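Undergrad: What follows is a structure written as structure tokens; I'll ask about it next.
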Amino acid sequence: MSLAPGATIGIIGGGQLGRMSAMAAARLGYRVCIFSPEGHGPASHVAAQTIVAPYTDHGALADFAASVDVVTFEFENVPADGLDLLAALRPVHPSPAILRISQDRLLEKQFLNDAGIATAPWAAVTSEAELAEAMPKLGLPAVLKTTRLGYDGKGQAMLRAPEDAASAFAALMPKPLVLEGFVDFAAEISVMVARGADGTITAFDTVENRHKHHILDLTLAPAPLSPELLAEAGEIARTVAEKLELIGLLGVEMFVTADGRLLVNEIAPRPHNSGHWTIDACPVSQFEMHIRAVAGLPLPPASRHSDAVMKNLVGPEDMAHWPAILATPGLIPHHYGKTEARPGRKMGHVTKLFPKGALPGEFGIEDALKVD
């Protein structure tokens, strides 16, 4: 059953993804209630209500459930047992079971491999002895990662020689860890895919993601890859959504290897930084698609009317360009309402559109958004 206009959608998390989801919900006639430990986050600026409490406060979560008609979340680092409590009181989309898989790299990789989807070779690591045993099997260099709580390059260490192992194992917390074989990749790509309660699946075009200091810097839509690879990436994303029995939106991040294979790196059951371009280049953005799925509304095709380049605005360095961005015709600015531009903090993004099929080639992409 779909939610009628005037219903309230509860969003766990108060960051920019919650903000843009709330804006999409409001356009469809819904109210939004945010649950967050912070009372003045980006999402609270545009939501009808914010409940401020720790994610572990079960009493506050019960009050939150009583004030909403359906629950979703904007990032993965939410205690799954809190979502279990909410799921006993209100529909929660995506489900707590999907959240648990995405929160744990071991569960995630095992799920993907069981579904017949290729990943980088990997091994669970609970001790230095297991790490020493895994390194010769996977080869060096390899990447040692926490299984939980890692993002934007945090919670991982590159092992280039056996003597790197002991210090990396001691430094990375919490345990257990996962060792991943190093992937010689030619590109990093992602697909945003949505699935409704009726099983309808729709996927946005595959995009290329370019990172700086482990943080997404540029997204190119569509990715400059062969039609065969683009189609394969979309099919992988649809398979993941189907196997998970997803209701909501899912980001599927992949490597394109130097020899042309696709390996899934991570899944994220929520709107994703690499999908921000859809706000301006698609009739229905990733955020509206997410709200539609959560609310039980029909899912239209995830079509694209323009090519796009999206650039993240990170920290004081990028925000120094904000006045010039506002003054530059053709640049579409998005500010997240954060007051302090700390190093490494995502403050906003800017998008430039091109006629469909006219995105510049390799040369000139970085210059497309240059304002200095």
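Undergrad: Quick check on Val309: is it under 20 Å from Leu225 (Cβ atoms) and not acidic (Asp, Glu)? Give the steps one after another, and end with the answer.
TA: Numbers: under 20 Å from Leu225 (Cβ atoms): yes; not acidic (Asp, Glu): yes.
Here the answer is yes, as Val309 does meet what is asked.
Undergrad: Just checking, does the range 229-240 include any residue being in a loop (DSSP other than H, G, I, E, B) and either modelled with pLDDT of 95 or more or farther than 20 Å from Leu107 by Cα (or both)?
TA: Start the filter on the range 229-240 by keeping residues that are in a loop (DSSP other than H, G, I, E, B), which leaves none.
No, there is no match, as no residue in the range 229-240 is in a loop (DSSP other than H, G, I, E, B) and either modelled with pLDDT of 95 or more or farther than 20 Å from Leu107 by Cα (or both).
Undergrad: Here's something else I'd like to know. Report every pair of residues separated by at least 6 positions or lying on different chains whose Cβ atoms are under 8 Å apart, first residue within the range 107-135 and more than 18 Å from Pro162 (Cβ to Cβ), second among the acidic types (Asp, Glu).
TA: Going by the 8 Å Cβ cut-off, the qualifying pairs are Glu108/Glu266; Ala120/Glu180; Trp122/Glu180; Ala124/Glu130.
Undergrad: Something else now. Restricting the search to the range 269-319, which residues are in a strand (DSSP E or B) and not aliphatic (A, V, I, L, M)? Break it down into steps so the answer makes sense when it comes.
TA: To start, the set of residues in the range 269-319 that are in a strand (DSSP E or B) comprises 306-314.
Across the range 269-319, the qualifying residues are Ser306, Asp307, Lys311, Asn312.
Undergrad: From the list Ala197, Ala258, Ala231, Ala168, pick out the single residue that is small (Gly, Ala, Ser), assigned by TED's automatic domain parsing to the domain that holds Lys145 and over 16 Å from the mean Cα position of the chain (by Cα).
TA: Within the list Ala197, Ala258, Ala231, Ala168, the selection yields Ala168.
Undergrad: Of the residues Ile11, Ile51, which is buried (at least 23 other Cβ atoms within 10 Å of the Cβ) and in a strand (DSSP E or B)? Quick ask: steps written out before the conclusion?
TA: Values: Ile51 fails: buried (at least 23 other Cβ atoms within 10 Å of the Cβ).
On inspection, the qualifying residue turns out to be Ile11.
Undergrad: Hey, another quick one. Hey, Pro37 hits all of (1) more than 16 Å from Val71 (Cα to Cα); (2) touching an Asp or Glu at 6+ places or on another chain (Cβ under 7 Å); (3) not polar (S, T, N, Q) but one; which does it fall short on?
TA: Going through (1) more than 16 Å from Val71 (Cα to Cα); (2) touching an Asp or Glu at 6+ places or on another chain (Cβ under 7 Å); (3) not polar (S, T, N, Q) one by one, Pro37 breaks only (2).
Undergrad: Which one of Ala97, Ala43, Ala132, Ala60 is within 28 Å of Glu288 (Cα to Cα), assigned to a helix (DSSP H, G or I) and over 21 Å from the mean Cα position of the chain (by Cα)? Break it down stepwise before answering.
TA: On the way: Ala97 fails: over 21 Å from the mean Cα position of the chain (by Cα); Ala43 fails: over 21 Å from the mean Cα position of the chain (by Cα); Ala132 fails: within 28 Å of Glu288 (Cα to Cα).
Being within 28 Å of Glu288 (Cα to Cα), assigned to a helix (DSSP H, G or I) and over 21 Å from the mean Cα position of the chain (by Cα) holds for just one of Ala97, Ala43, Ala132, Ala60, which is Ala60.
Undergrad: Condition check: touching a strand residue (DSSP E or B) at 6+ places or on another chain (Cβ under 8 Å), surrounded by fewer than 24 Cβ atoms within 10 Å (Cβ to Cβ) and free of Cβ contacts under 8 Å to residues at least 60 places away in the same chain. Does Gly18 satisfy that?
TA: no
Undergrad: Let me ask another. From (1) closer than 20 Å to His211 by Cβ; (2) part of a strand (DSSP E or B), pick out the condition that doesn't hold for Leu250.
TA: Unmet condition: (1).
The values are calculated or read from the model by the stated rules, or taken from the named source; none is laboratory data. Everything numeric here is computed off the predicted structure, so don't read it as measured data. Virtual Cβ from ideal backbone geometry, glycine too; neighbours counted across all protein chains shown.
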